[in-house]
1. Please specify each residue of region 43-59 satisfying the condition of being of a type in the set (A, V, I, L, M), part of a loop (DSSP other than H, G, I, E, B) and either surrounded by 12 or more Cβ atoms within 10 Å (Cβ to Cβ) or out of contact with any strand residue (DSSP E or B) (no Cβ under 9 Å at 6 or more places or on another chain) (or both).
2. Would region 60-76 turn up any residue that is open to solvent by 60 Å² or more (accessible area, probe 1.4 Å), free of Cβ contacts under 8 Å to residues at least 12 places away in the same chain and assigned to a helix (DSSP H, G or I)?
3. Considering only region 80-110, how many residues are among the polar types (S, T, N, Q) and in contact with a helix residue (DSSP H, G or I) (Cβ under 6 Å, 6 or more places away or on another chain)?
4. Only residues that are in a loop (DSSP other than H, G, I, E, B), more than 23 Å from Val31 (Cβ to Cβ) and in contact with a strand residue (DSSP E or B) (Cβ under 7 Å, 6 or more places away or on another chain): list them for region 78-115, please.
5. Please go through region 55-73 and pick out each residue that is within 12 Å of Glu162 (Cα to Cα) and among the β-branched types (Val, Ile, Thr).
6. Return the only residue of Glu13, Glu20, Glu25 being within 17 Å of Val132 (Cβ to Cβ), open to solvent by 30 Å² or more (accessible area, probe 1.4 Å) and modelled with pLDDT under 90.
7. Filter region 122-139 down to the residues that are over 23 Å from Gly163 (Cα atoms) and part of a helix (DSSP H, G or I) and list them by number.
8. I want to confirm something. Restricting to region 144-167 and keeping residues that are free of Cβ contacts under 8 Å to residues at least 60 places away in the same chain and within 19 Å of Thr122 (Cα to Cα), which single residue is least open to solvent (accessible area, probe 1.4 Å)?
Amino acid sequence: MTVYATFDSPLGELLLVGEESATAEGGTALVSLSMPGQKGGAAVQDGWRPAPGAFGEISRQLRAYFDGTLTRFDIEYVTGGTDFQRRVWAALDAIPYGATASYGDIARAVGAPAAGVRAVGTAIGRNPLLVVRPCHRVIGADGTLRGYAGGLDRKRHLLGLEGALQT
């Protein structure tokens with residue numbers, strides 16, 4: 001069964017969507033984490049059940065992240081996506097807290113040809129787990145902030161929180 005809850009954050013109210021799971025701590029595996037105005041973000045659907053208590057561990061880790069005391073999430077989530085998207089998303093997961101990588105770096109990490117940078121950008125843009133899967137750490141080759149489904153102001157905020165903004 002699909003369940004959802006909201007989480008107040010410095011980025012606005014986040015929507016947590018999950019599937020009930022007997023193996024996930026707190027009983028829920030995260031399917032998506034989205035924010036207001038997000039391009040392609042989730043919206044509550046008919047048949048979803050509100051379950052504020054189902055995301056206890058995820059909420060605890062989000063609070064610690066926004067407080068600056070958590071640098072890596074350890075939660076159960078539903079993988080989803082195509083094989084290529086999963087490879088790109090795994091490369092995102094490998095970018096350390098406080099660091100950034102370029103779209104070209106990600107393309108090389110997944111073995112995509114130089115012309116594949118656009119496909120990498122599309123896969124990054126389809127990341128359903130904003131904040132948790134750190135697509136905000138991907139920047140342009142010239143060090144500028146480029147695309148973020150949640151908006152560049154939020155990307156700037158996250159990179160500032162992590163101490164990763166270029167001067």
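The values are calculated or read from the model by the stated rules, or taken from the named source; none is laboratory data. Owing to the predicted nature of the structure, the values given are computational and were not obtained by experimental measurement. Glycine gets a Cβ as well: all are built from the backbone with ideal geometry, and neighbour counts include every protein chain shown. All accessible areas refer to the heavy atoms of the entire protein, side chains included, with ligands and DNA or RNA removed. Shrake-Rupley method; radii C 1.70, N 1.55, O 1.52, S 1.80 Å.
1. Val44, Ala51
2. For region 60-76, residues open to solvent by 60 Å² or more (accessible area, probe 1.4 Å), free of Cβ contacts under 8 Å to residues at least 12 places away in the same chain and assigned to a helix (DSSP H, G or I): present.
3. Selection size over region 80-110: 2.
4. Across region 78-115, the qualifying residue is only Thr100.
5. Thr69, Thr71, listed by residue number.
6. Criteria check complete, one pass: Glu25.
7. Thr122, Ala123
8. Here the answer is Lys155.
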